[in-house]
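Reading through the structure tokens given below for one structure.
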Amino acid sequence: MLETVPSDEISARVTPFQARLAEAGIGLGLMRLPADLFYYTGTVVDGFLAVPATGSPLLLVRRPKERLAAMETPWNLAFYQDLKELPTLLAESYPPWEGALGLELDVMPAALYRRLKEKLFPETPIQDLSPLIRRQRMVKSAYEIEQIRRAAAILDGAFAGAPEIIRAGLSELELAAALEYRLRLLGHQGLVRLRGWEMEMFIGHVLSGTAGLHLAYTDTPSGGLGFSPAFPQGASLKKLAPGEPISIDLGACYHGYVADMTRMYALESLPDRAWQAWDLILELFHRFEAEARPGVPPGELYQRLWEIVRQRGWEEYFMGLGPDRVSFLGHGVGLELNEYPFITARSPFTLEADMVLAFEPKFFLPEIGMIGLEDTGRITPQGVEWLTQTPRRVFIV
């Protein structure tokens, strides 16, 4: 039997969300992004969840009708075939509401927005619902942290087998495929969700040598060659060779929740310059562990970490090369890989207990490759509780 989200967990999310709707002047929130649907319903459908500022939510389902009708769901169901039925279905469940209609404007396609705004709800003001959802999802419940912990355990289990797979002449793609196979057998659901209509990623990036210096079109530190211009990122057909850094950066997802980790490997040895970068990465991790506490603004933490890099004279190689370097050092994880908060210069939030972040300092060394490390950790008043447990060292094979 499939594992389900406890009903009291769902209720505990919706009640404070309704208070935020009322405070923002939104009379009815209408969401359809899969991650948001799952967060507030425990399932994913082709349809919408209607959440009023007061009253019970309604799950509007276009498909799968029979499957949903047979399921036990936390909210009442209404089935439809065409979007034009939505105003009638909502009118049957709710009196005319005061305030705006909330939509996920950060990701909603323009065509859908125009149909909702111009054809279906022309007299109703529209307001962005996404900031309310994303801010609520920043802080995780005990249930959510347990799911991320289990995703982290899947990563640890897959990474533990990497040294026995790595050998000279193996391609990046073959190594990636072997690790992906292990991830799936250990319970990884396959899909890692990201927020953003243009954001694309598979399971992660397995890169070696100078292939790790090729940055991607996505807003990620690492990129890679890939093996087609149609998807130029991640593992390529390049062969693993002695003396090169091998970076394995993978995500795993358990019951919807993501953990993210990067570890370094090498055949026989690494250049001295790579070891110098590695020592600086460990120093950055120690500083992050010492300072990441509830109440700390991520922007201040970002600046202090960057200052260490500048003092050591490594800023030219940190988090990318030239104008293509990324502007963050870490990111929230949860139902999506790129959740709030971000460790950036201008983050509008402060750290809170039970936020879960992936911290990922990385250096890009010309003619050598990428040297990096990433762990997923929970913010607590006592410090960072790391959920990924694989030892932080370069594994020499």
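If you go through segment 371-388 and keep only what is surrounded by 15 or more Cβ atoms within 10 Å (Cβ to Cβ) and more than 18 Å from GLU283 (Cβ to Cβ), you end up with THR376, ARG378, ILE379, LEU387, THR388. The criterion of being under 23 Å from GLU144 (Cβ atoms), of a type in the set (Ser, Thr, Tyr) and in contact (Cβ under 8 Å) with a residue 24 or more places away in the chain holds for THR4. Checking each residue in segment 135-155 for being open to solvent by less than 30 Å² (accessible area, probe 1.4 Å) and acidic (Asp, Glu) picks out only GLU144. Checking the structure you have, find out if any residue of segment 346-365 is open to solvent by 20 Å² or more (accessible area, probe 1.4 Å), in contact with a Leu (Cβ under 8 Å, 6 or more places away or on another chain) and more than 17 Å from ASP249 (Cβ to Cβ). The answer is no; no qualifying residue exists.
Of all residues in segment 166-197, those satisfying the criterion of being touching a Leu at 6+ places or on another chain (Cβ under 6 Å), of a type outside the set (Gly, Ala, Ser) and open to solvent by less than 30 Å² (accessible area, probe 1.4 Å) are LEU170, VAL192.
Cβ separations smaller than 6 Å between residues 6+ apart or across chains give the following pairs from segment 18-47 residues that are within 20 Å of VAL258 (Cα to Cα) to residues that are open to solvent by 30 Å² or more (accessible area, probe 1.4 Å) and charged (D, E, K, R): ALA35/ARG193. Looking at (1) open to solvent by less than 10 Å² (accessible area, probe 1.4 Å); (2) under 30 Å from LEU240 (Cα atoms), which is the one condition that is false for ALA292? Only one criterion in (1) open to solvent by less than 10 Å² (accessible area, probe 1.4 Å); (2) under 30 Å from LEU240 (Cα atoms) is unmet by ALA292, namely (2).
Out of ILE154, ILE133, I need the residue that is in contact (Cβ under 8 Å) with a residue 40 or more places away in the chain and within 30 Å of ALA22 (Cβ to Cβ). Which one?
Details: ILE154 fails: within 30 Å of ALA22 (Cβ to Cβ).
That would be ILE133, the only listed residue that is in contact (Cβ under 8 Å) with a residue 40 or more places away in the chain and within 30 Å of ALA22 (Cβ to Cβ).
What residue, among those in segment 379-395 that are part of a strand (DSSP E or B) and touching a Phe, Trp or Tyr at 6+ places or on another chain (Cβ under 8 Å), is nearest to LYS140 (Cα to Cα)? Among those residues, the one meeting the criterion is VAL384.
One residue stands out among those in segment 111-128 that are open to solvent by 60 Å² or more (accessible area, probe 1.4 Å) and within 28 Å of the chain's Cα centre (by Cα): the one that is farthest from ALA22 (Cα to Cα), which is ALA111. On the stretch given as segment 234-253, residues that are open to solvent by 10 Å² or more (accessible area, probe 1.4 Å) and farther than 15 Å from GLU180 by Cβ total 7.
The values are calculated or read from the model by the stated rules, or taken from the named source; none is laboratory data. Predicted, not measured: the structure shown is a model, and the values here were computed from it. For neighbour counting, all protein chains shown are included, and Cβ atoms are generated from backbone atoms with ideal geometry for every residue, glycine included. Heavy atoms of the whole protein, side chains included, go into the accessibility calculation; ligands, DNA and RNA do not. Shrake-Rupley method; radii C 1.70, N 1.55, O 1.52, S 1.80 Å.
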